[in-house]
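A short worksheet on the structure shown next.
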Amino acid sequence: MLLVTSTPAWSADAVATLPVAPFNWSGAYLGVIGSYNWGHTDWEFINPGGTNADHRADGGGIGATFGYNWQFPNNVVLGIEGDLSWLDAKGDTICPNPAYECHSKAAWLGTVRPRLGYAIDRFMPYVTGGAAFGRVKLWSPGGALPAISESHTAFGWAAGAGVEYAFTDHLTAKLEYLHVDLGKDTYFGGTIDESHGQWRDDSVRIGLNYKF
């Protein structure tokens, strides 16, 4: 008796050529971000004579981010993202008396922003913009003049753009540029040092996200 066994010739080829489903960006994610911030403090003394003490306030930051994406059939991705970072962005200048130093620091920064992207499988460029808030401190250590210090939680806006890539179905990385303007506040109100202070920032951010 002759026993013949055979495996269909198409089986291996069929397995090898099964189409791979494109990556889908829909879902929630959590992540970490690191940044470098090129900040600028606009400091204007109201008295006397509106003297300016503007200066740079640069430094790094690290924080956490969370968000959710919806991908549509036309590959448009709409998302909402929030983040909160600890910053060490600070600077100083002589003001307005040569014996007087003006210092500023942004201690932390948060944003809540919609994102609009376009999915090219695992690669997604996007634009973003929304609300920003942070802690800004203006102070002088004194010396020839009395020390002054005041901190505000300031509110403003943020806008930028970035690219994100999915290395696996759960792990993505992003590179992002963000501009932040925390608006103008009044510091040391009712004193001879009354001032308008405003902190602005341009930052480059690197993020690593876990998608659920």
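The values are calculated or read from the model by the stated rules, or taken from the named source; none is laboratory data. What you see is a predicted model; the values in this text were computed from it and never measured. Reconstructed Cβ throughout: ideal geometry from the backbone, glycine too, with neighbour counts over all protein chains shown.
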*Test: residue in region 107-126 that is among the polar types (S, T, N, Q) and buried (at least 19 other Cβ atoms within 10 Å of the Cβ)*: yes
Flagged pairs (Cβ under 6 angstrom, 6 or more apart or on separate chains; first in region 149-173, within 19 Å of Arg115 (Cα to Cα) and without any contact (Cβ under 8 Å) to a residue 60 or more places away in the chain; second crowded, with 17+ Cβ neighbours inside 10 Å and hydrophobic (A, V, I, L, M, F, W, C)) are Gly156/Ala132; Gly156/Leu182; Trp157/Ala132; Ala158/Ala132; Ala158/Leu178; Ala158/Val180; Gly160/Leu178; Glu164/Met124
Here the qualifying pairs (Cβ atoms under 8 Å; residues six or more apart or on different chains; first in region 123-137 and in contact (Cβ under 8 Å) with a residue 60 or more places away in the chain; second among the aromatic types (Phe, Trp, Tyr)) come out as Met124/Trp25; Met124/Tyr118; Met124/Tyr165; Gly134/Trp108; Gly134/Trp199; Val136/Trp199
By residue number, the members of region 75-90 that are buried (at least 18 other Cβ atoms within 10 Å of the Cβ) and either closer than 24 Å to Trp139 by Cα or polar (S, T, N, Q) (or both) are Ser85, Leu87, Ala89, Lys90
Within region 141-161, can one find any residue that is surrounded by 15 or more Cβ atoms within 10 Å (Cβ to Cβ), at pLDDT 95 or above and of a type in the set (Phe, Trp, Tyr)?
-> yes
Taking region 164-207 and the residues there that are among the aliphatic types (A, V, I, L, M) and surrounded by 15 or more Cβ atoms within 10 Å (Cβ to Cβ), the one that is farthest from the chain's Cα centre (by Cα) would be Ala166
